[in-house]
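Engineer: Provided herewith is a single structure, encoded as structure tokens, for subsequent inquiry.
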Amino acid sequence: MESMRLFSLSGLFVLTLVALMIPASIGRGWQRCRFPAIYNFGDSNSDTGACNAAVAEIPSPYGQTFFKQPSGRASDGRLIIDFLAENLGLPYLSAYLDSIGTNFRHGANFATGGSCIQPACGYGPFNLATQVSQFIHFKARTTALYNQLCLNRKIAAHCIDLPRPDDFSKAIYTLDIGHNDLAYGYLQHRAKGRIRASIPNMLTLFSQAVHVLYSEGARIFWIHNMDPIGCLPFSVMMYQPKAHNVDRNGCVMPQNEMAKEFNRQLRDKVSQLRAQLPSAAFTYVDVYSAKYALISDAKQQGFVDPRTFCCGSYGHHGHHVDCGKKVNGTVYGSSCRYPSRHISWDGIHFTEATNLWVANSTLNGFFSDPPVSIDKACHRPQP
């Protein structure tokens with residue numbers, strides 16, 4: 001497959017340098033974690049069908065590369081959460097809000113496109129606290145159903161799609177959220193100082209959500225930090241970057257600086273959570289650095305200019321055609337011929353090829369704190 005391209009020599013060299021910095025003792029001798037389920041919380045970066053089911057249909061050509069039809073994902077194919085599931089030998093996650101063809105035996109996805117950490121974000125109603133509330137309801141209802149139906153062998157066939165109550169404490173809980181909080185702040189033309197001042201409150205809400213999940217039995221957390229949002233083609237085109245605020249890759253520096261500040265405070269918050277919840281295992285994943293490394297080395301990795309995108313179009317003064325948009329039955333927001341050569345799919349979201357590259361770069365622990373692979377994330381390194 002074209003999307004399964006190997007890293008170039010320069011990319012391998014960078015990742016090898018990172019690998020050499022990983023302490024040799026981390027993970028040595030640890031057994032592979034056997035996660036029975038994944039429970040995910042987030043936004044469109046990891047939504048596998050919730051927004052499509054509950055808010056607005058995600059049309060063709062979304063999903064064309066892997067699923068060959070719209071799959072509820074904001075990409076041409078698989079997301080990082082899909083590759084994470086593959087890595088753990090688990091099926092792709094069904095969206096909690098999708099009632100058709102779902103299977104929750106090995107987890108559920110509460111991520112919904114447009115979601116924020118904060119409740120009054122402006123993009124959608126399914127903020128992080130709401131997603132956690134949905135999880136609590138899901139856990140209570142499925143546990144009750146399992147105890148009611150599945151312990152009776154005569155009707156045990158009804159249990160094939162239900163999670164096992166004991167699996168909630170053994171599952172891995174993944175979180176990838178916060179992008180829309182900052183994006184909405186910029187959309188409202190807020191000053192950088194106001195956006196920066198809102199970050200501590202965002203992370204207080206994030207911490208509260210983790211504490212609630214912990215009280216429900218969650219013990220293993222895999223937490224993604226924020227993307228380099230200033231490198232999104234949408235940001236580059238819509239915020240009219242000038243020479244003094246654009247970096248060597250053409251990314252809008254003020255937005256990336258805000259994302260890095262969010263990530264700095266998120267990392268500190270995760271450290272606090274480790275101290276507050278010593279029975280839990282936390283892995284902080286620096287997705288920002290992985291994606292920025294790809295953007296910086298796009299040509300060597302076989303991608304075109306990272307400021308371009310594959311599906312839809314953006315013009316001056318905010319005029320644009322959304323990916324998949326139809327007018328009188330004719331698709332105007334069509335796909336490019338080779339999605340796997342693009343980093344961005346629709347100007348905001350990433351292609352399957354990008355998601356694969358980032359998954360390969362992060363699931364092995366190269367960009368994680370502590371530097372452990374996803375299949376060792378259930379262990380808690382000693383300080």
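The values are calculated or read from the model by the stated rules, or taken from the named source; none is laboratory data. Quick caveat, the model's predicted, so the values are computed rather than measured. Glycine gets a Cβ as well: all are built from the backbone with ideal geometry, and neighbour counts include every protein chain shown. We work out accessible area using only protein heavy atoms, side chains counted, and drop any ligands, DNA or RNA first. Shrake-Rupley method; radii C 1.70, N 1.55, O 1.52, S 1.80 Å.
Engineer: As a test of the formula, what do you get for the chain when each DSSP H run with n ≥ 4 contributes -39,500 (n - 2.57) and the sum is divided by the residue count, at 222 nm and rounded to the nearest 500 deg cm²/dmol?
Structural biologist: That calculation yields -10500 deg cm²/dmol at 222 nm.
Engineer: Please give the residues of the stretch 62-84, grouped as numeric ranges, whose backbone N is less than 16 Å from a label point set 7 Å along the Cα-to-Cβ vector of Lys325.
Structural biologist: Label zone hits: 62.
Engineer: Measuring from label point to label point, each 7 Å out along Cα→Cβ, what is the Val246 to Gln276 span in nm?
Structural biologist: In this crude spin-label approximation the distance works out to 4.2 nm.
Engineer: In what sequence, largest accessible area first, do Arg248, Arg380 appear using a 1.4 Å probe?
Structural biologist: Of Arg248, Arg380, the descending order of accessible area is Arg248, Arg380.
Engineer: If you don't mind, there's one more thing I want to ask. Test of understanding: in a Gaussian network model of the chain with alpha carbons linked when under 10 Å, which of Asp305, Asp166, Asp322 would top the mean-square fluctuation ranking?
Structural biologist: Most flexible of the set in this elastic network: Asp166.
Engineer: Between Ser215 and Ile160, what FRET efficiency comes out of the Förster formula 1/(1 + (r/R0)^6) with R0 = 22 Å and r the beta carbon distance, rounded to 0.05?
Structural biologist: 0.15
Engineer: Would the stretch 62-145 count as rounded, prolate or oblate if I go by the C-alpha gyration tensor, calling it rounded below 1.5 in a/c and otherwise prolate when a/b exceeds b/c, oblate otherwise?
Structural biologist: oblate
Engineer: Starting from a Cα-only point model with no solvent, please compute log10 I(q)/I(0) by Debye for the chain at q = 0.06, 0.09 1/Å.
Structural biologist: -0.22, -0.51
Engineer: Taking only protein heavy atoms and a 1.4 Å probe, what accessible area per residue, in Å², does the chain have with all protein chains in place?
Structural biologist: That works out to 45 Å² per residue.
Engineer: If pairing requires two Cys Cβ atoms under 4.7 Å apart, which cysteines of the chain are left without a partner?
Structural biologist: Cys51
Engineer: Related question: Take peptides 42-53, 366-377 and line them up by average Cβ neighbours within 10 Å, highest first, as a rough protection proxy.
Structural biologist: Sorting 42-53, 366-377 by mean packing, highest first, produces 42-53, 366-377.
Engineer: When the chain is treated as a GNM, springs tying every alpha-carbon pair under 10 Å, which of Ile343, Ile160, Ile223 comes out with the largest mean-square fluctuation?
Structural biologist: Ile160
Engineer: Mind checking Rg over Rh on the stretch 95-220, alpha carbons, Kirkwood formula for Rh?
Structural biologist: Reported Rg/Rh, Kirkwood definition of Rh: 1.08.
Engineer: Once each part is reduced to its C-alpha centroid, what is the distance from the stretch 210-270 to the stretch 273-310 in angstrom?
Structural biologist: The distance from the Cα centre of the stretch 210-270 to that of the stretch 273-310 comes to 10 Å.
Engineer: Right, here's the next one. Please determine, in degrees from 0 to 90 and to the nearest 10, the orientation of helix 9-20 with respect to the longest principal axis defined by the Cα atoms of the chain, where the helix direction is its Cα long axis.
Structural biologist: Between helix and principal axis, roughly 40 degrees.
Engineer: Roughly to the nearest percent, how much of the accessible area of the chain is carbon and sulfur, given a 1.4 Å probe?
Structural biologist: 54
Engineer: Further question on the same structure: Using only Cα atoms, tell me the angle between helix 253-276 and the longest principal axis of the chain; keep it within 0 to 90° and round to the nearest 10.
Structural biologist: The two axes meet at around 20 degrees.
Engineer: At a 10 angstrom cut-off on C-beta neighbours, averaged per residue, how do the peptides 110-119, 72-81 rank from highest to lowest?
Structural biologist: Top of the packing list down: 72-81, 110-119.
Engineer: How high is the relative contact order of the chain, given as a whole-number percent (alpha carbon pairs under 8 Å, six or more residues apart)?
Structural biologist: Normalised by residue count, the contact order of the chain is 20 percent.
Engineer: Here is a follow-up. Would you work out if the stretch 219-277 is rounded, prolate or oblate? Take a ≥ b ≥ c from the square roots of the eigenvalues of the alpha-carbon gyration tensor; rounded if a/c is under 1.5, else prolate when a/b is larger than b/c, oblate otherwise.
Structural biologist: prolate
Engineer: Would you mind checking the tilt of helix 128-145 against the longest principal axis of the Cα atoms of the chain, expressed as 0 to 90 degrees and rounded to 10?
Structural biologist: Tilt of helix 128-145: around 30 degrees.
Engineer: I've got another one for you. The stretch 190-342: percent of C-alpha pairs farther apart than 24 Å?
Structural biologist: Across the stretch 190-342, Cα pairs with separations above 24 Å total 50 percent.
Engineer: Could you give the distance between the Cα centres of the stretch 158-191 and the stretch 68-107, to the whole Å?
Structural biologist: 13
Engineer: Same structure again: Would you mind working out the magnitude of the charge dipole of the chain relative to its Cα centre, with +1 at each Lys and Arg C-beta and -1 at each Asp and Glu C-beta, to the nearest 20 Debye?
Structural biologist: My answer is approximately 460 debye.
Engineer: In percent, what relative contact order does the stretch 21-135 have, based on Cα pairs under 8 Å that are 6 or more apart in sequence?
Structural biologist: About 29 percent, as a whole number.
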